[in-house]
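Every number here is computed from the coordinates shown, using simple stated rules; none is lab data. Nothing here was measured: the structure is a model prediction, and the numbers come from that model. For neighbour counting, all protein chains shown are included, and Cβ atoms are generated from backbone atoms with ideal geometry for every residue, glycine included.
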There are 2 protein chains.
Amino acid sequence: MAKFKLDEIDHQILDMLIENTRVPFTDIAKNLSISAGTIHVRVKKMEDAGIIKGSSLTLDYKKLGYSFIAYVGIFLQNTSQTKFVLERINEIPFVTVAHITTGKFNIFCKIRAKNTEHAKDIIFMLDDIEGVYRTETMISLEESLNDKKRLMHSIFNDM
Amino acid sequence: MAKFKLDEIDHQILDMLIENTRVPFTDIAKNLSISAGTIHVRVKKMEDAGIIKGSSLTLDYKKLGYSFIAYVGIFLQNTSQTKFVLERINEIPFVTVAHITTGKFNIFCKIRAKNTEHAKDIIFMLDDIEGVYRTETMISLEESLNDKKRLMHSIFNDM
DNA sequence: GGTGAAACTTCTAATAA
DNA sequence: TTATTAGAAGTTTCACC
């Protein structure tokens with residue numbers, strides 16, 4: 001996958017959009033002292049290049065009653081079942097992300113649940129998938145998300 | 001944390017905004033056959049309630065040259081150092097999320113790097129934090145993200 | 001590459017129902 | 001709570017640097 005070249009202006013545009021995707025292009029334009037038309041063209045270019053894949057809301061799942069997070073490591077009976085099991089896992093909506101991994105586990109996923117009771121149901125669903133040998137759960141007591149903007153700065157300064 | 005009540009209309013508004021935060025309110029209004037003003041009021045209400053915490057871009061990190069993902073489990077010498085170590089971890093921009101966990105590890109984090117060489121540097125940084133006893137790395141060979149919209153449907157239908 | 005202005009679209013807040 | 005409305009604001013295109 002080729003590395004796409006972003007210049008300082010692209011980077012500053014991304015910086016503002018990362019914080020708030022609905023910030024008006026006119027505001028970005030004022031901030032960077034360039035025209036709104038240019039912002040539009042550059043954002044479009046980054047979208048066309050696939051750098052910007054989309055945008056999404058950040059929701060407060062705790063307020064929605066989903067405050068339980070856990071990671072579940074999955075051991076398979078046989079690695080040939082990886083694809084099949086992964087597909088089954090992805091059918092469970094409360095699994096937010098799944099990885100095929102090297103190391104201890106064959107598959108590794110993150111779940112978001114209402115509470116321990118609900119998490120238990122989800123883990124049992126994972127255990128019940130054909131080909132799953134056993135699972136190992138790590139409950140998150142506290143999540144701390146890192147700043148996306150800071151990651152982008154690091155990426156950018158490395159280019 | 002109280003569970004916030006969303007009705008069917010709120011839910012459908014979120015559905016559209018989750019897919020694309022810049023979708024015009026007039027489009028949402030047309031889709032739901034209600035006025036754009038109402039969309040505006042409802043979105044504002046969800047923002048005020050903190051349900052919508054913000055919005056962010058989905059970027060293609062692979063295209064930016066960052067295709068390496070790994071999870072790192074951290075064992076501490078002493079759990080009293082948890083807060084201190086977590087703070088040091090959060091200073092590393094390539095750590096995208098960190099959790100205090102029960103189970104095998106004391107702290108568990110996800111890193112995003114350019115390649116194995118770069119990942120090695122990050123893991124060494126983690127190892128070098130005062131209070132870290134040892135780390136265990138799981139490399140992601142393939143990541144599959146679950147659909148946010150589907151999670152919201154499950155949450156919504158459960159209300 | 002970028003600008004600036006025109007034409008078009010969307011937002012937002014006040015008012016009314 | 002929702003709809004309407006109208007002025008303000010934002011987006012997008014395009015001729016021209």
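Go through the residues of the range A:23-30 one by one and say whether even a single one is closer than 19 Å to A:D158 by Cα and surrounded by 16 or more Cβ atoms within 10 Å (Cβ to Cβ). No, every residue in the range A:23-30 fails to be closer than 19 Å to A:D158 by Cα and surrounded by 16 or more Cβ atoms within 10 Å (Cβ to Cβ). When the range B:12-31 is filtered for residues that are assigned to a helix (DSSP H, G or I) and within 12 Å of DNA strand D (Cβ to nearest atom), the ones remaining, listed by number, are B:Q12, B:I13, B:F25, B:T26, B:D27, B:I28, B:A29, B:K30. In this entry, B:E87 passes the filter for residues that are acidic (D, E) and over 29 Å from A:I51 (Cβ atoms). The single condition among (1) more than 9 Å from every other protein chain (Cβ to nearest Cβ); (2) under 14 Å from B:T137 (Cα atoms) that B:K83 does not meet is (2).
A count restricted to the range B:67-104 and to residues that are of a type outside the set (A, V, I, L, M), closer than 23 Å to A:F105 by Cα and over 20 Å from the mean Cα position of the chain (by Cα) stands at 3. Considering every residue within the range A:95-107, establish whether at least one is facing another protein chain (nearest Cβ under 10 Å), among the aromatic types (F, W, Y) and closer than 20 Å to A:K148 by Cα. Looking through the range A:95-107, none of the residues is facing another protein chain (nearest Cβ under 10 Å), among the aromatic types (F, W, Y) and closer than 20 Å to A:K148 by Cα.
Could we say that A:G65 is out of contact with any helix residue (DSSP H, G or I) (no Cβ under 6 Å at 6 or more places or on another chain), crowded, with 19+ Cβ neighbours inside 10 Å and of a type outside the set (D, E) here? The answer is no for A:G65.
Output yes when any residue across the range A:129-142 is farther than 26 Å from B:T137 by Cα and not aliphatic (A, V, I, L, M), and no when none is.
Yes, the conditions are met somewhere in the range A:129-142.
A single member of A:L151, A:L145 is buried (at least 20 other Cβ atoms within 10 Å of the Cβ) and within 11 Å of chain B (Cβ to nearest Cβ), and it is A:L151. When you look at A:L14, is it facing another protein chain (nearest Cβ under 9 Å), buried (at least 21 other Cβ atoms within 10 Å of the Cβ) and under 27 Å from B:F156 (Cα atoms), yes or no? Taking the combined requirement at face value, the residue does not satisfy it.
Just so you know, in the range B:10-61 the residues that are within 13 Å of DNA strand C (Cβ to nearest atom) and of a type in the set (G, A, S) include one that is nearest to the chain's Cα centre (by Cα), and it is B:S55. Of the residues making up the range B:122-142, those that are loosely packed, with under 14 Cβ neighbours inside 10 Å and not hydrophobic (A, V, I, L, M, F, W, C) are B:D127, B:D128, B:E130, B:Y133, B:R134, B:E142.
State the number of residues belonging to the range B:57-70 that are free of Cβ contacts under 8 Å to residues at least 60 places away in the same chain and either within 16 Å of DNA strand D (Cβ to nearest atom) or β-branched (V, I, T) (or both). The number of residues fulfilling the criteria is 2. Of the residues B:K149, B:K110, the single one that is of a type in the set (D, E, K, R) and under 17 Å from A:M138 (Cβ atoms) is B:K110.
Please enumerate the residues belonging to the range A:28-67 that are within 7 Å of chain B (Cβ to nearest Cβ) and farther than 25 Å from B:L64 by Cα. Correct list: A:L59, A:D60, A:K62, A:K63, A:L64, A:G65, A:Y66, A:S67.
Restricting attention to the range A:32-55, the residues that are among the small types (G, A, S), closer than 12 Å to B:D60 by Cβ and within 13 Å of DNA strand D (Cβ to nearest atom) add up to 0. Restricting attention to the range B:112-129, does a residue exist that is of a type in the set (S, T, Y) and touching a residue at least 40 places away in the same chain (Cβ under 8 Å)? Checked against the condition, which is being of a type in the set (S, T, Y) and touching a residue at least 40 places away in the same chain (Cβ under 8 Å), the range B:112-129 yields at least one hit. Among the residues of this structure, B:A113 does not count as one that is buried (at least 17 other Cβ atoms within 10 Å of the Cβ), facing chain A (nearest Cβ under 7 Å) and in contact with a helix residue (DSSP H, G or I) (Cβ under 8 Å, 6 or more places away or on another chain).
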